[in-house]
Amino acid sequence: SQITTLINHKDKPKRSDKTLQAIQRVGQAVNLAVGRFVTVGEAIANENHELKEEMSVACIEARRAGETIAQLTDVASLDHPESDSHITIFTDKTGVVKAARLLLSSVTKVLVLADRIVIKQIITSRNKVLATMEQLEKVTSFQEFVQIFSQFGNEMVEFAHLTGDRQNDLKDEKKKARMAASRAVLEKCTMMLLTASKTCLRHPDCESARINKDGVFHRMRLALEQVIEIVTDSRPNGENEMAPISIYSGIKEFKNKVEGLRENLYFLSKENLSTMLEVILEHTEDFTDSAYTSHEHREHILELSKQAKMELEQLVSVWMQAQNQKTKDLMEDLEVAILKTCQCMNELKREVHSAATSLAADLLKYHTDHMVLKALKITGVEGNLEAVAEYTCKLSEQKEQLVEMCRLLRHVSGTEPLEITCIHAEDTFQVTGPQIISAAETLALHPSSKIAKENLEVFCEAWESQLSDMSMLLREINDVFEGRRGEKRVYLSLPRPGKHNANLKALKPVKLDTEEQAKIAKLGLELHLLTSDVDSETEKWEDQENEIVQHGQGMSSMAYSMYLFTRGEGLLKTTQDLFHQAEIFATEGTKLASALQAFSDQVHNDDKPLLLLEAEKLISMCKQLQITAKASAQGKSATFTKVDACILKTRNVMTLLCQLLPLCCKLLRKNKAGNGCLKPAPPWREDRIRTGTNAHTPERRAETFGIKSLENHVTNMTFLESK
């Protein structure tokens, strides 16, 4: 960022003292930052001899480049730098560019080398865990098991810390979600491995106990392997990962291609579009063929599938004509066909979403009492093998229902991280079901065994925990669909061009050019940092359904879209999109102010005036933003001024929001003394911890992977010996 500022500075004939001082400060800041960076790099080199030489060379290059930049920007004391014999950024800008290139190259090299070391550490830690697991599988005495499991627990804690750091560093949301899923499996399986192994040691001749233990070891090995695949970005035998396409992602891609016909009539073939639709409709068969889909939903999905084929046929017909003859009437017919096709696909998406979420809601409600699990525990303790067999059949049926639910939810999850969470949930039900059955059979065969009873409890708890996670996952999927939450990078309520416009001859959209983007970049970056701060504050609230939190999250999501606009990215493509977004943002802010006023009635009288004052400030700021967003602007210069004003006023609102959220949380805690309003996010949501939160702190990692509980478990291992 600092180097970009230096390279892009304007070569003006007159240079004020302020400008000279600013340039010198930037140069010194770069040099200091490089110095700190290189110090860390050199420390890493000293600890890793195999890469010491390469790392040292890269560090020396970086330090040299940083010092060169500091020398070239040492201009504050020069009255006439251009006439002085001292070489500066003004007399040798090429020198700064060369130094900057060398610096970026050497810094990149240091980062790559450090990354190789981190990967090596994780692989080494995994290998230690695997070696100890092999020992655990072969033990035959309790005393030996206690010693090895203590070592295993410590190794798992180390592995959890290393992979937690790595997860936070991952930029790819999909990989981050896969890592979170694998680490969640390892967390739960560590506890399962303990009780399953103890049961096997207590009942060495019991086949069901052996099957139960083998299942845990197998699952842990798969999870460890997946972590290494993610870390090394590789697949076994070089094969590529082929994730199944969901209906949502298929519809999204199909609509993008259809809407692309507005810009270019020749960029794809009609066969390509037809194939894409066929794939989507094939996936809808997962719903129509499912025994759990209601008759009404099945009929609607089939009807919309048929309509989608007809709309595409009409679109292709007009499209082919427009390729041959671009008349005004044909282009308007094409626009209508595009809108009708996209509308039909939206209705299909809405229908499959309704089918999947209503099924999930019904199943989760039906299974909340955990009657089958309770019955298995009771009949197992009674040693009633016949009753256990009956209830294991019922659990198998329940498992099939929940697996089907996860498959259908994956199609409508809306984001890749949520898709991966659905796949993880499906795997968990698939594996945990048979493990509960083998644990129940073991208990039925040994009804007086305390360890067999404890083992069944652990697996039942894992099942109940996954059901609880499904309720939260369902809420997240609904939030994404309704545009309340989900991926930070999109605001799903954004209207697309032409959606609310009956006249197809829309105004020509205006975009920011490169120079305008550069002017507004700093303001956009400030907005980005504020969205991170707001996200960090909202994640601290226990009640994520609180009205204040929901409005805050919505405003943060919209502000992030506006930041992306300043970079020429995201869904806000034109200035008109931005102004419309600013209006919605202001409306959301006004709703938040109303929620604050309602909340003020619940707080102590001493705190009420402050809260009401802040709410009034927010209302005033939002009104100003709405006035600015609605004001007309003619011409390029006036439009850019309006854009700048909207971003500035949005930033001011977000600054106030950063102060309001912790204040409200503090007042809520004050009112509910003893209950608390802070709690960590559940593990499956860890893949959406955003930049700017405190996710990288040891405490956070410990909570999300259950490290604290694992550490406590390891330190209290002596109870095994007493048993």
For this session: Output ³J(HN,Hα) for region 408-414: one whole-Hz value per residue in order, computed from phi by the Karplus curve 6.51 cos²θ - 1.76 cosθ + 1.60 with θ = phi - 60°, and x for Gly and Pro.
Result: 6, 5, 4, 4, 10, 5, x
For this session: Considering only protein heavy atoms, with the full assembly of protein chains and a 1.4 angstrom probe, order M470, M276 by accessible area, largest first.
Result: M276, M470
Exercise. Taking the mean number of other Cβ atoms within 10 Å as a proxy for protection, how do you rank 332-342, 539-549, 47-57 from highest to lowest?
Worked result: 332-342, 539-549, 47-57
Problem set entry | HN-Hα J in Hz across region 553-566 - Karplus 6.51, -1.76, 1.60, θ = phi - 60°, x for Gly and Pro | 5, x, 5, 5, 4, 5, 4, 5, 4, 5, 4, 4, 4, 5
For this session: Could you please state how large a percent of the accessible area of region 295-403 is carbon and sulfur, counting protein chains only and using a 1.4 Å probe?
Result: 50 percent
Problem set entry | Whole-number accessible area per residue in Å² for region 247-359, which is evaluated in the context of all protein chains at 1.4 Å | 53 Å²
For this session: Give the shape of region 247-359 as rounded, prolate or oblate, defined through the alpha-carbon gyration tensor: a ≥ b ≥ c are the square roots of its eigenvalues, a/c under 1.5 means rounded, and otherwise the shape is prolate if a/b is larger than b/c and oblate if not.
Result: prolate
Exercise. Points 7 angstrom from Cα along the Cβ direction at V316 and A291: gap in nanometres?
Worked result: 3.7 nm
Problem set entry | Chain lengthening between E137 and L613 when straightened (0.36 nm per residue, less Cα-Cα) | 164.9 nm
For this session: Using per-residue counts of other Cβ atoms within 10 Å, averaged over each peptide, order 190-196, 459-465, 264-270 from highest down.
Result: 190-196, 459-465, 264-270
For this session: Roll a 1.4 angstrom probe over the protein heavy atoms and tell me the percent of accessible area of region 514-672 that is carbon or sulfur.
Result: 52 percent
For this session: Give me the accessible area of C646, 1.4 Å probe, in Å² rounded to the nearest 10.
Result: 0 Å²
Exercise. According to the square roots a ≥ b ≥ c of the eigenvalues of the Cα gyration tensor, what is the shape class of region 84-219, taking rounded for a/c under 1.5, prolate for a/b larger than b/c otherwise, and oblate for the remainder?
Worked result: prolate
Exercise. Residue separation times 0.36 nm, minus the C-alpha to C-alpha distance between E454 and N652: what's the value?
Worked result: 65.7 nm
For this session: Mind checking the full-extension length gain between Q634 and E390? Use 0.36 nm per residue of separation minus the Cα-Cα distance, one decimal, nm.
Result: 80.2 nm
Problem set entry | region 123-232 - percent of accessible surface contributed by carbon and sulfur, probe 1.4 Å | 51 percent
For this session: Compute the Cα gyration tensor for region 514-672, then decide on rounded, prolate or oblate, letting a ≥ b ≥ c be the square roots of its eigenvalues: rounded whenever a/c is under 1.5, prolate when a/b is larger than b/c in the other cases, and oblate in all that remain.
Result: prolate
Exercise. With θ set to phi - 60° and the Karplus curve 6.51 cos²θ - 1.76 cosθ + 1.60, what are the ³J(HN,Hα) couplings of region 17-34 in order, to the nearest whole Hz, using x for Gly and Pro?
Worked result: 4, 4, 5, 4, 5, 5, 4, 5, 4, 5, x, 5, 4, 4, 5, 5, 4, 5
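The values are calculated or read from the model by the stated rules, or taken from the named source; none is laboratory data. Worth saying up front: this structure is predicted, and the values here are computed from it rather than measured. FYI the Cβ positions are ideal-geometry reconstructions off the backbone, even for glycines, and counts take in every protein chain you see. For the accessible areas, the whole protein counts, side chains as well, though only heavy atoms, and no ligand, DNA or RNA atoms are used. Shrake-Rupley method; radii C 1.70, N 1.55, O 1.52, S 1.80 Å.
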